[in-house]
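The values are calculated or read from the model by the stated rules, or taken from the named source; none is laboratory data. All of these numbers come straight from a predicted model, not from anything done at the bench. All Cβ positions, even for glycine, are placed from backbone atoms using ideal geometry, and neighbour counts span all protein chains on display. Heads up: the accessible areas ignore ligands, DNA and RNA and are worked out on the full protein's heavy atoms, side chains in. Shrake-Rupley method; radii C 1.70, N 1.55, O 1.52, S 1.80 Å.
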Amino acid sequence: MLNLIPMPKKIKIGSGKVSLSEFDNLNLPSGCSHSLLELAVKLANELESTVGNRIRFVRSEVAGASIRLLLNGSEDASENYQMTIAPSEIKIAAKSETGLFYGIQTLRQLIRTEGPALPLLEISDAPDYPVRGFYHDCTRGKVPTLETLFKLADKLAYYKINQLQLYIEHTFAFARHSDMWNGADPLTAEEIIRLDHYCRERHIDLVPSLSTFGHFYMGLRSQRKKHLNELDVDAPALPFSFHDRQMHYTLNASDPESIRLVEDMLAEFLPLFSSSYFNICCDETFDLGRGKNAAKAARAGSTEKLYVDFLLKIIAAVRKYGKTAMFWGDIIAKAPELIKKLPSDTIPLEWDYSAAATNRETKIMQSSGLNFYVCPGVSGWNTFLNRINQASQNIVNYAVRGLKFGAVGLLNTDWGDYGHVNLLGCSYHGLALGAAAAWNCKAALDTDSFDRAFSSIEFGDRSDRIVKAWRMENKAAVFGYAHLARLFDPGIPEGDKKQFSLDLRKNKRSALKNYLKNAGRAEEQFLETVRRSDFLDPLAQEELLCGLRGNILVHEVLGTILEYPGSQPRETADHLRAFETRFAALWHRRNKPSEYYRVRELLMRIADSLDGMKIVKRK
């Protein structure tokens, strides 16, 4: 069985193999673009490291065995390609450069997993979903460096993902709104333009994504803009709260200044992107109709009517730039009769992060007649190490559901709730599974085969022991980072925290005991296998180990707080401070300092609290 991601649609494997050392020439198509040439150079580099010889670049028929790249048409938008590996020729043919680009990626993976001798085979390949996207949170604490975003684009291209969206609430350096991004090390216009060009070279559409209604936390905490909050609160006077960032802060849809603010942000942001799409977000407008618009909502009979009125204003502003608007569909799905008010080219993004992914909204979106995406997630938010079991079920089930109901895209999400402690390398498994399910959904249903392919490609681990240990830890896990963060968040009332703590103590003690007993075994298996592996991204190796240590430590800390017998509070505090030092170093390897200081402050607050606790004797 070949280890490829995504698995091609049709593979016919012959008998025998061919040695890569026998191939002398790499025959490029005439008019080869810079993008294709750059990828051909990567292919040549990988061939050289595998067989020791540098292949010759040619553009004409020459003697000797050749790798031939054939472009049968330049205007076709098809992503299809065909590959043949024969004794004297490896041929990749496509009707477009995109198809040829993806065929080369498949050959690169074959070289990575099969080594210097490839099996004789024939491949005919094409995707299930026209749009295969990845959505990366760049706002809730973590702002990647440009170099990190370049490498992320390379990773997406390797797995044939063709759309990237970066979630931004306040982390763009708006010229007239420094009050929003102050202290956040935001992305700049220069960085966006360079990333946009870099993505185009890799056949990736960089789609702008900006909060324009709900999730306006940092904007509405500004002295300049606090009056635009739906809730009548003095937000700048309140302590920062990860919880409030998630649950409150919606623009006042009735204030004309709100839409003027959005239009001003769009005027600076949208022209930076070459994409014809724009994600206006507009999800989770929890406060709408509960403050300044309460009477208006009561007269209208629902908050959804207020929502759609403001949504239409934002869509109209976007259309002035020739962009097609997309938005998260959770609010409008509550009143599907209002969808008919939207322009016919609007794209709802239907999301559901549950394992079963049976949300009724998929059928609502199909009935709307609009093109829509389904949006699963890599389940990394609120945890140091992704919930790999839930993510796998969610992604695959949602991909199946999306095809059944006619979705045109699959946008796989990687959020960073409560400070974005989930390190990027821990999301690679979910990222790659989303790519596999969007390209060849049927093959992705076999998650055991996917795990083997992922382990082989990303980790250079043919034993699959790392992913098995990961799944074992995830299955046993009782708590996540969010449980810990909520107990120390100033935005949650003390009474709620006390009740939350009582519920955990009552219901989780037995499972916690089991986790703490077995977690070390998973960590040992990780360490043992990692030492013998060859990670494509060496930094991801460190991030996985740190993520696992973080998950284990969360259980240790909460066990201490919940007075688990034998807890050693000061020893646990020492472990937490040592972990924070290691975690901080890894955070800053991929990201700007951004809002890491908030995460550090939270972790140190917890450590100080542990220092004040008493030792709980064993019973």
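Miscellaneous remarks
- Lys468 - accessible surface, heavy atoms, 1.4 Å probe, Å² rounded to 10: 120
- Counting only aspartates and glutamates at least 8 places from Lys91 when in the same chain, those with an alpha carbon closer than 15 Å to its own are Glu22, Asp24, Glu61, Glu122, Asp125.
- Sulfur and carbon atoms: percent of accessible area, segment 517-619 [1.4 Å]: 49
- Straight-line cross-link reach from Lys517 at under 17 Å between alpha-carbon atoms covers these aspartates and glutamates, not counting any fewer than eight positions away in the same chain: Glu473, Glu556, Glu563.
- Per-q log10 I(q)/I(0), segment 339-466, q = 0.20 Å⁻¹ (Debye; single scatterer per alpha-carbon; no solvent): -1.08
- Cβ-Cβ FRET estimate between Asp503 and Lys363, R0 fixed at 25 Å, reported to 0.05: 0.15
- The value given for the chain is a Kirkwood hydrodynamic radius of 25.9 Å, derived from the mean inverse Cα-Cα separation.
- Estimated inter-spin distance, Gln223 and Ala335, nm [label 7 Å along Cα→Cβ]: 3.7
- Of the whole protein surface, Trp181 contributes about 70 Å² of accessible area at a 1.4 Å probe radius.
- Residue-normalised convex hull volume from the C-alpha trace of segment 320-369: 81 Å³ per residue.
- Listed residues Ala585, Gly612, His575: farthest to the positive end of the dipole of segment 573-619 (Cβ charges): His575
- Summary value for segment 73-194: 21 percent relative contact order, contacts being C-alpha pairs under 8 angstrom separated by 6+ residues.
- Extended-chain gain in nm, criterion 0.36 nm per residue less alpha-carbon gap, Glu46 and Leu120: 24.7 nm
- For Lys155, a cut-off of 17 angstrom between C-alpha atoms picks up these lysines, skipping any fewer than 8 places away in its own chain: Lys42.
- Each Lys and Arg Cβ is given +1 and each Asp and Glu Cβ -1; about its Cα centre, the chain then shows a dipole of about 1440 debye.
- Of all DSSP-defined beta bridges confined to segment 1-105, some 30% are antiparallel rather than parallel.
- Of the whole protein surface, Cys426 contributes about 0 Å² of accessible area at a 1.4 Å probe radius.
- Order of exposure, largest accessible area first, which applies to Val557, Val233 with probe 1.4 Å: Val233, Val557
- Low-density loop positions, trypsin sites (Lys or Arg not before Pro), segment 59-93 - DSSP coil, at most 16 other Cβ in 10 Å: Arg59
- With Cα atoms, 0 to 90° folded angle of helix 428-439 axis to the chain main axis: 60
- Based on protein heavy atoms only, the chain ends up with 39 Å² per residue of surface accessible to a 1.4 Å probe.
- The spread of Cα positions in segment 1-98, taken along each principal axis and listed from longest to shortest, comes to 35, 31, 22 Å.
- Kirkwood hydrodynamic radius of segment 300-383, from the reciprocal of the average inverse Cα-Cα distance over all distinct pairs: 13.8 Å.
- Sum of side-chain charges, Gly289 neighbourhood, beta-carbon under 13 Å (Lys, Arg +1; Asp, Glu -1): +2
- Loop-resident sites, segment 1-70, for GluC sites (Glu not before Pro), counting at most 13 other Cβ within 10 Å (DSSP): Glu61
- Toward the positive end of the charge dipole of segment 82-199, with +1 on the Cβ of Lys and Arg and -1 on the Cβ of Asp and Glu, the farthest Cα among Thr98, Thr171, Leu121 is that of Leu121.
- Beta bridges from DSSP with both residues in the chain: antiparallel share about 30 percent, rounded to the nearest 5.
- Filter on Lys305/Lys341; Lys292/Lys341; Lys10/Lys95 - keep pairs with C-alpha separation over 21 Å: Lys292/Lys341
- Nearest 10 degrees, 0 to 90: helix 538-561 Cα axis against the chain principal axis: 30
- Once the Cα atoms are used to define both axes, helix 256-269 deviates from the longest principal axis of the chain by about 30 degrees.
- Within segment 152-210, trypsin sites (Lys or Arg not before Pro) in DSSP loop having at most 12 other beta-carbon neighbours inside 10 Å: Arg176
- Sorted largest first, extent of segment 88-224 alpha carbons per principal axis (Å): 70, 27, 21
- Selection from Phe278, Asn182, Ala432 lying farthest towards where the dipole of the chain points positive, charges on Cβ: Ala432
- Lys, Arg +1 and Asp, Glu -1 on Cβ, resulting dipole of segment 155-298 about Cα centre, debye, nearest 20: 180
- Assigned charges on the beta-carbon of Lys, Arg, Asp, Glu; segment 110-190 dipole about Cα centre (debye): 100
- Relative contact order (percent, whole number), segment 343-414, Cα cutoff 8 Å, 6+ residue spacing: 38
- Kirkwood hydrodynamic radius of segment 480-570, from inverse mean 1/r over distinct Cα pairs, in Å: 14.9
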